[in-house]
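The structure appears below as structure tokens.
The values are calculated or read from the model by the stated rules, or taken from the named source; none is laboratory data. Keep in mind that this is a model prediction, so the values were computed, not measured. Ideal geometry is used to build each Cβ from the backbone, glycine not excepted, and the neighbour counts take in all protein chains shown. To get the accessible areas, we keep the full protein, side chains included, count just its heavy atoms, and leave off ligands, DNA and RNA. Shrake-Rupley method; radii C 1.70, N 1.55, O 1.52, S 1.80 Å.
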Amino acid sequence: MIILHSYLLNHHYNYYTLLKKIRYLTIQFDNEIEPWELSLFRGAVIAKAGKDHILFHNHLNDREFLYGYPVIQYKRIGKCPMLVCLDYGTDEVHHFFNTGNLAVKIGERDVNLVIRKLNLNQINLQVWEKSFRFKIRNWIALNQENYQKYALIKDNLGKIEFLENILKANIISFAKGVKWDIDKQISLRIDKITSSKQVPYKGTRLTGFDIEFRTNVFLPDFVGLGKGVSLGFGTVTIVRENQK
């Protein structure tokens, strides 16, 4: 009986370290914004919710940051702004809606936000035996240090392998941010670099990649990877079977 009980405990533990359930909330609004207005939309939401609620902006004070993966993210999907809330971020977002109305100021514009679509789901995060196909837009993979290393690589295969290792590390950072301990090997392959271009980020310009890749880690639609995910960079979308 003791041996059986021990086996069941171990089996239970192994199952739940491989699979993590998180709440996943997307809120898309019907109002249109320009690409450069996304940071203003973020500021409007922060002002509406109140700066005391740190998960909206990840600033502890004027000088200190809450380092870690953002669980409230701001996106522009199909010209319309979207909030993506993960795990405990779904609890915090009610501070934005508890203000009684959705009137905000985006830059100099007074805007009454209208909800187009709200989806709350429970998602199973898991490392599978099979692979899933994804696209990622404006992925800021390279900081100052690894940009120099990347630039020194002469062959394309070496550059792709370098980026694959960074993307794996980004997935692990996402997992840690939602308190998921990945204890199986991640397989990942970049199929195609669609484009690489300079994108504006906090007063400077960094390289943003559009990439198609596959991995055995299931990632929810619109989750962000890499640098600047709270501002819409590195947004991941699933490529369904009927999509090319």
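Descriptive notes on the structure:
- Candidates Q122, Q126 - the one that is in contact (Cβ under 8 Å) with a residue 12 or more places away in the chain, touching a strand residue (DSSP E or B) at 6+ places or on another chain (Cβ under 9 Å) and open to solvent by 60 Å² or more (accessible area, probe 1.4 Å): Q122
- Selection within region 203-220 - in contact (Cβ under 8 Å) with a residue 12 or more places away in the chain and either in a strand (DSSP E or B) or surrounded by fewer than 16 Cβ atoms within 10 Å (Cβ to Cβ) (or both): L206, T207, G208, F209, D210, I211, E212, F213, R214, T215, N216, V217
- Of residues in region 142-186 being of a type in the set (K, R) and under 26 Å from R205 (Cα atoms), the one surrounded by the fewest Cβ atoms within 10 Å (Cβ to Cβ): K154
- Yes/no for G100 being touching a helix residue (DSSP H, G or I) at 6+ places or on another chain (Cβ under 6 Å) and at positive phi: no
- Qualifying residue in region 209-217 (condition: farther than 24 Å from V127 by Cα and modelled with pLDDT under 90): no
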